[in-house]
Each structure stands twice: as C-alpha cells, then as structure tokens.
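Report on the following structure.
The values are calculated or read from the model by the stated rules, or taken from the named source; none is laboratory data. Treat the numbers as computed from the prediction; the structure is a model and nothing was measured. So basically every Cβ, Gly included, is an ideal-geometry build from the backbone, and we count neighbours across all protein chains shown. SASA here: full protein model, heavy atoms, side chains in, ligands and nucleic acids out. Shrake-Rupley method; radii C 1.70, N 1.55, O 1.52, S 1.80 Å.
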Amino acid sequence: MASERTPTPQSSSRQSSSLSSSPMSTRMQTLQVDSVQRWMEDLRHMTEVECMCVLQAKPIGVDEDSHQGELIVTSGITGGDHVARNNLQTLLRRALVVSTELGKMFQRLEKGRWQRVHSTAVRANCHVRSLVHEYSAARSTPPEMQKYEKSLLEKCMELTNITERCLHTDDEFFLKSMREAIHEILTDVSDSFSNMIDMALANEIRVLIKQIESSDCVQTIGSAISNLLSLTQDGPQLCSIIAKEGAVVALFKICRQDRFRDLYAHALRTVASICCVEEGISQLDKVDGILCLADILTDDSSVEAARAEAAAVVAQITSPHHSSTQHLASFLESMQDIVTALIKLCESASCGEVFLLASAALANITFFDSMACEILLQLNAIHILLQACKDRQRVDTPYSKDQVVTILANLSVLEPCASEVLQEQGIERLLQLLGEKPSSSNPSEVAACERVQQKAAVTLARLSRDPDVAQAAIQIKAVPRLIELCRSPTERNNSDSVLVACLAALRRLAAGCPDSIEAADHQQLIKPRLVDSFLLCSNMEESFV
C-alpha cells in the first residue's frame with residue numbers, strides 16, 4: 001500500500017533540505033545516499049545458502065479431502081478442480097527459473113566471473129533439489145524419471161563443488177581447464193534437466209488424459225480439457241508431448257459421444273491447438289478424426305460453437321505451413337461434405353469469429369485441390385462471400401477480408417468465375433479491398449492489410465483475362481488506384497509483394513485496353529521489363545507522386 005511505502009533516499013534528502021546549508025551536513029548526506037546505494041547493489045550478490053534451502057524446500061501439505069498424491073500448492077488456490085493445473089503451472093514456473101539460472105551460468109562462465117558462476121550454481125542446485133523434492137512428495141515418480149533425478153542431483157552437486165574450487169585460485173591455466181570441464185558438466189545438467197521436466201510434464205498430462213477417458217462427470221472432464229488447452233498455449237514442445245501421450249485420441253472419443261455434446265466445442269478447440277505440430281495431426285489421422293469433423297460440421301443439430309471449432313481444426317490441419325500432407329488423402333474423401341458445410345457456416349455465421357474460422361478453412365482447402373474450387377462455384381460461394389463482405393457483423397477485420405480475397409483469388413483461375421464476379425459487382429469490391437488500410441500500427445494487422453491488397457490485385461489480374469472484366473475495371477477507375485499503389489510506398493505500406501501484384505494487374509489491363517493508361521505511366525510502368533518497373537517504383541520518394 002502507498003501509505004506503507006519506505007521513503008527512498010531521494011525523498012529523504014528532500015525532507016532534510018533544511019540541513020543542507022552547512023558543507024558538513026551536505027557531505028554526510030552524500031555519504032549516506034552512497035552507502036545505501038552500495039548496500040543495495042551488494043545485496044544482489046549476497047545470498048545465505050541455508051536460508052535459500054529453507055525457503056525453497058517448504059513442506060508440502062496434503063489436503064485430506066483431495067485425492068491421494070495430489071500436490072497442494074500454497075498459492076492461495078485450494079479446491080480439487082485447480083490441483084492438476086497448479087501442479088503443471090508450478091512445474092513450468094520452477095523449470096523456467098532453473099533454465100534461467102543455467103543460462104546465466106553459461107554467460108558468466110564465458111566471461112570468467114567465477115564468484116557469480118559459483119553463486120548461480122548454488123542457486124540452481126537449490127532450485128533443482130527443491131523441485132525434485134516437491135514433485136516426489138506430490139506424485140509417485142516413474143522409475144525412468146528417478147534415474148534422471150538421481151543423475152541430475154549428482155551433477156548439480158558436482159557443479160557446485162567444482163565452481164567453488166575456482167574461487168580459491170588465480171592460476172590461469174587451471175581456470176582455463178576448469179572452464180572447459182564446467183561447460184561440459186553444465187551442458188549435461190541442462191540436457192538432463194530438460195529430459196526430466198519433459199518426463200514430469202508427460203506424467204502430469206497422463207493424469208489429465210486419464211481423467212478425460214475414465215470420468216463420466218462433465219465438469220471433471222471439462223476441467224481436464226481446460227488444463228490441457230492451457231498447456232497448449234506454452235508452445236509447440238508441450239503440444240508435441242500432449243499429442244504423444246494420446247490427448248487427441250481421448251478428445252475425439254469425447255466428440256463421438258452424444259452425452260458429451262456440451263463439451264464438443266471445448267474439446268475441438270484443444271485439438272486445434274495440439275494440431276499446430278505434426279504429431280497432433282498424425283494422431284488425428286490415426287483415429288479418423290476427419291470423419292468425426294465432417295459429422296459435426298454436417299449435423300444440423302450441432303450448435304454453432306461446435307461447428308466453428310470443427311472448422312478451426314480443419315483450418316489448422318490444412319494449413320500450407322505443415323510439411324506433412326499424408327493426412328490430406330483421407331481428407332479428400334470427405335471434402336465435398338466439409339466444403340459444403342463450411343460455406344453454409346459462412347452464410348449463417350452469427351459473428352466475425354465464426355465467419356473467420358469457416359472462411360480460413362475454405363481458404364486453405366482451395367490451395368491444395370482445384371476440385372474444392374469447382375465445388376465452391378457450384379455452391380454459389382462467390383455470392384455468399386461477397387454478400388458477407390457487406391455485413392460488418394461477419395466481416396469486420398482485415399483478417400476476415402484476407403480469407404475472402406484468398407478464396408476469390410483461387411477461384412479466379414476457373415473460367416466461369418469471371419461472369420459470376422461481374423454479376424455480383426465483385427470488381428467494385430476488389431477495388432475497395434485495394435484501399436484496405438490498418439486501423440492501428442499493430443504489425444499483424446498491417447501484414448493482413450498488405451495481404452488483402454496483394455491478393456485483390458492478383459484476383460483482378462486473373463479475372464481481367466476476360467474482356468468484360470477488364471472493361472468494368474477501367475470504368476470504375478481501377479487503373480488510377482493501381483498506379484497510386486505502384487507510385488506511393490505508403491499506400492501499399494512499403495510492401496514489395498503489393499507492388500509486384502499491382503504492376504502485373506496494370507499490365508494485364510493495358511494489354512486489353514492500351515488507351516486506359518497515359519503515356520508517362522505507360523513509359524515507366526508498362527513498357528520496361530517488370531523488374532525494371534519494380535526497381536523504379538520501389539526507389540521512388542513520396543514527393544514524386
């Protein structure tokens with residue numbers, strides 16, 4: 001609280017300003033401030049090891065009402081629903097502390113700061129011993145993990161002893177040899193610690209998965225799913241461990257039981273997060289997860305939230321960023337049903353998030369199979385998507401517009417697309433998308449706007465093979481906008497990809513209607529090689545426009 005805050009040396013000196021008239025009092029005041037500052041600096045490096053051990057090895061109590069072996073963390077949260085999450089979060093926090101200390105040791109070892117190296121080794125040793133003690137008290141440790149614990153504790157003690165020896169000598173040759181030995185031991189400690197933490201996390205994850213598989217209580221299963229979802233936010237490495245332990249299999253079992261319908265959306269959101277790694281997608285393929293997704297998407301009795309999360313899983317597993325494509329073979333078998341369900345979801349979406357998930361899945365699908373584009377044309381997708389662009393409740397961000405224009409760009413390679421776009425006044429919409437600008441300096445939003453502009457130009461270039469489209473684009477003054485994007489770096493957010501796409505669209509329109517472009521623009525933007533026009537425009541100053 002503010003009233004309890006200790007005055008700083010500076011505030012104390014302001015309060016004592018009446019004493020500053022004499023030289024002696026001024027000198028004493030300066031010495032006092034310097035002493036406090038020096039003490040605070042020295043305090044950072046003065047640690048009583050015994051006190052640290054007592055603080056870090058606090059006794060762990062077991063609540064009589066909780067299940068046997070569950071850790072009760074003294075963080076102010078008690079209650080059975082939070083126990084598993086506390087175990088995992090505490091484990092992750094302590095692992096981060098140890099990893100940070102080991103990282104500091106590597107840095108200080110390179111600089112030869114032996115006092116710091118030793119004090120850091122002592123702290124790391126205390127943290128590791130405390131972590132092992134707490135975890136062993138909370139759970140029965142698997143035999144393979146016990147081996148790592150024993151080896152790790154021995155290496156930590158060896159590290160503490162060998163760094164202490166380096167404090168009592170100035171022999172450069174000895175210290176150099178010790179530096180190499182300590183570096184080797186430190187590397188072993190880091191590897192052993194990482195393996196031990198992975199095993200501990202896998203053990204905790206198995207507990208959560210067992211709750212999902214064995215419980216009939218919706219609340220218990222939901223809590224376990226929430227804990228898994230929380231873990232997936234800590235990075236791909238944890239997602240890999242979760243996938244290897246069989247979480248995807250357990251979650252799809254939930255999604256195949258009608259009595260757990262209320263959990264479908266929650267379970268599928270977790271699956272989507274796990275499938276950011278190849279192991280998750282592989283598990284999904286093994287349990288025919290795509291068939292389950294198709295069933296949920298095409299079931300009219302499924303709530304919108306469940307269908308939206310199913311769309312999110314489809315978007316995740318069809319992402320072009322994945323190197324493996326084996327799972328797509330089974331996807332093709334259900335593609336007609338999935339694509340149909342997704343475009344219906346786009347049409348009926350109640351909010352922007354649902355539309356974004358459904359359109360993102362469709363955008364990814366159109367990249368890897370042209371049959372999806374043909375299906376979408378048959379389903380009147382151009383009308384549905386362009387109508388959605390007029391509805392701010394569904395298409396309200398550059399990210400949603402990015403998905404729409406991606407689908408249009410992929411559909412535009414098909415000949416029937418041009419007439420449908422004309423019929424739906426799609427050229428006007430493309431011109432509006434060419435003017436997309438970010439509402440903030442958020443890098444992801446800026447990047448999304450660039451993608452919208454680029455793909456809108458690409459779509460216009462492809463559609464302008466049709467003379468009617470080219471004529472319509474010229475009539476609504478698409479050419480001046482394309483020229484502005486080429487000549488003005490700020491209009492295109494200094495994006496080279498937007499510049500190339502706009503130059504290509506201009507040249508397509510000029511090929512069909514040469515009179516639509518003035519002589520000066522033709523000389524600089526059309527006549528030279530594309531690379532020369534690109535270099536000219538990318539080096540333009542803003543005052544040129």
Of the residues that make up the range 126-146, is at least one at pLDDT 85 or above, farther than 27 Å from Leu228 by Cβ and open to solvent by 40 Å² or more (accessible area, probe 1.4 Å)? yes
Checking Phe368 against (1) open to solvent by 50 Å² or more (accessible area, probe 1.4 Å); (2) of a type outside the set (Gly, Ala, Ser); (3) within 22 Å of Arg429 (Cα to Cα), which single condition isn't satisfied? (3)
Inside the range 465-490, the number of residues satisfying the requirement of being closer than 17 Å to Asn410 by Cβ and open to solvent by less than 10 Å² (accessible area, probe 1.4 Å) is 1
Assess whether Ser177 counts as being out of contact with any strand residue (DSSP E or B) (no Cβ under 6 Å at 6 or more places or on another chain), in a helix (DSSP H, G or I) and open to solvent by 20 Å² or more (accessible area, probe 1.4 Å). yes
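Filter the range 417-437 down to residues that are more than 19 Å from Asp391 (Cα to Cα) and of a type outside the set (A, V, I, L, M) and give me whichever is surrounded by the most Cβ atoms within 10 Å (Cβ to Cβ).
First pass over the range 417-437, keeping only residues more than 19 Å from Asp391 (Cα to Cα): 417-420, 422.
Subset that is of a type outside the set (A, V, I, L, M): 417, 419-420.
Details: Cys417: 24, Ser419: 14, Glu420: 17.
The selected residue is Cys417.
Based on this model, can you work out whether Ile343 counts as open to solvent by less than 40 Å² (accessible area, probe 1.4 Å), part of a helix (DSSP H, G or I) and out of contact with any Gly (no Cβ under 7 Å at 6 or more places or on another chain)?
Details: open to solvent by less than 40 Å² (accessible area, probe 1.4 Å): yes; part of a helix (DSSP H, G or I): yes; out of contact with any Gly (no Cβ under 7 Å at 6 or more places or on another chain): yes.
So Ile343 passes the test.
For the range 242-259, give me each residue that is assigned to a helix (DSSP H, G or I) and open to solvent by 10 Å² or more (accessible area, probe 1.4 Å). Walk me through it before giving the result.
Start the filter on the range 242-259 by keeping residues that are assigned to a helix (DSSP H, G or I), which leaves 242-244, 247-255, 258-259.
Selection gives Lys244, Val249, Lys253, Asp258, Arg259.
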Determine, yes or no, whether Cys239 is within 20 Å of the chain's Cα centre (by Cα), hydrophobic (A, V, I, L, M, F, W, C), within 17 Å of Ala315 (Cβ to Cβ) and assigned to a helix (DSSP H, G or I). yes
Just give me the residues in the range 358-373 being more than 10 Å from Ala312 (Cα to Cα), at pLDDT 90 or above and among the small types (Gly, Ala, Ser), in sequence order. Ala363, Ala372
Restricting to the range 200-228, count the residues that are at pLDDT 90 or above and either among the acidic types (Asp, Glu) or within 19 Å of Gln257 (Cβ to Cβ) (or both). 20
For Thr160, are the conditions met, namely being in a loop (DSSP other than H, G, I, E, B), over 29 Å from the mean Cα position of the chain (by Cα), surrounded by 17 or more Cβ atoms within 10 Å (Cβ to Cβ) and polar (S, T, N, Q)? no
Ala456: under 24 Å from Ala381 (Cα atoms), open to solvent by 10 Å² or more (accessible area, probe 1.4 Å) and part of a helix (DSSP H, G or I), yes or no? no
